[in-house]
Amino acid sequence: MMRRIFLPPLWSRELSPAALLTLFLLGLGGQILSSALFSHLFSVLFPQMEQMAVVWLAVLLSEVLGIVFLLAAWRNLLPGKIPDMRPMDKRMWKLTFAAFIIAVTGSGVLGGFWQSFLDLTGIPYSDEQDVTEMFRSSSLYGKLLIGFTAVLIVPFFEELLFRRTLYALFVRWGNVAAIVLASLIFGAAHGFLLGTPSLCWIGLVFQVFYLYSRNIWVSTAAHAILNFTALLGVLLQIIFPNFA
């Protein structure tokens, strides 16, 4: 198992670092820019639409475009090959739930220690990630839109961007370095101070299981389950505030 994890996929060494860096920057920058443009456009076209719905409709469309762009670019980089997109069988689903459980357990422990450190040092932080605050304050339509995007669209985009593209960019520096760097950037990219160590851990776990399974659907499914349970927890807090 360890050899499989720490042995980079052969295809990851076939690619130009310049092409991978360009692909990552275009994927991330394009998503941010197109999301802002779509949000402005929808605000003008649909002034009566709830602001949360406007923002997340823009996110939905921008990430779908990002997925299409990344898949097309990878097909161009590796013509005729789909190195890590195989059907999910029973073994793959077992790996998916193992990744989810390890990610959740470790992130909870790290999150507790990190929050204690922030409290001890007096460093200010937000208690909730932006998406959680938006989900909590949005209408039913907004909640459905956020849930659909966060569970079914965002995980696939982020796995293509971080677990595949960014990892492949760093792998020529060594597999361990690639795993660690991609995970650190994944955690920092969320811009959520309180959750940064937990998100880095989650990124590391998903990266390891992606490499072991050689199947991006494993980390994508684990990512989707994680996002679903997080939003479900918020929804239960809203429905049963006395138990929060």
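Here, each number is a calculation from the coordinates, and none is a lab measurement. Quick caveat, the model's predicted, so the values are computed rather than measured. Cβ atoms come from the backbone with ideal geometry, glycine included; neighbour counts cover every protein chain shown.
Here are the numbers:
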quantity: Relative contact order (percent, whole number), the chain, Cα cutoff 8 Å, 6+ residue spacing; calculated: 30
quantity: Helical mean residue ellipticity (222 nm; -39500 (n - 2.57) per DSSP H run of 4+; nearest 500) of the chain; calculated: -24000 deg cm²/dmol
quantity: Dipole of segment 57-165, positive end: most advanced residue of Val154, Asn76, Ile102 [Cβ charges, Cα centre]; calculated: Asn76
quantity: Between helix 175-189 and the chain: long-axis angle, C-alpha atoms, 0 to 90°, nearest 10; calculated: 20
quantity: Crossing angle, helix 196-213 versus the chain [Cα axis fit, 0-90 degrees, rounded to tens]; calculated: 40
quantity: Inter-site label distance for Leu152 and Trp11 at 7 Å from Cα along Cβ, in nm; calculated: 2.6
quantity: Spin-label proximity, Tyr125 to segment 177-209 - amide N less than 19 Å from point 7 Å beyond Cα toward beta carbon; calculated: 183-205
quantity: Estimated dipole of segment 126-231 in Debye, rounded to 20 [Cβ of Lys and Arg +1, of Asp and Glu -1, Cα centre]; calculated: 400
quantity: Computed magnitude of the charge dipole of the chain (debye, nearest 20; Cβ of K, R +1, Cβ of D, E -1); calculated: 1140
quantity: Length gained when the stretch Leu65-Glu50 is fully extended (0.36 nm per residue, less Cα-Cα span); calculated: 3.1 nm
quantity: Distance (nanometres) between label positions extended 7 Å along Cα→Cβ at Trp173 and Phe117; calculated: 2.0
quantity: On Cα atoms only, tilt of 51-77 relative to the major axis of the chain in degrees; calculated: 10
quantity: DSSP-loop GluC sites (Glu not before Pro) across segment 14-85, with at most 12 other Cβ within 10 angstrom; calculated: Glu14
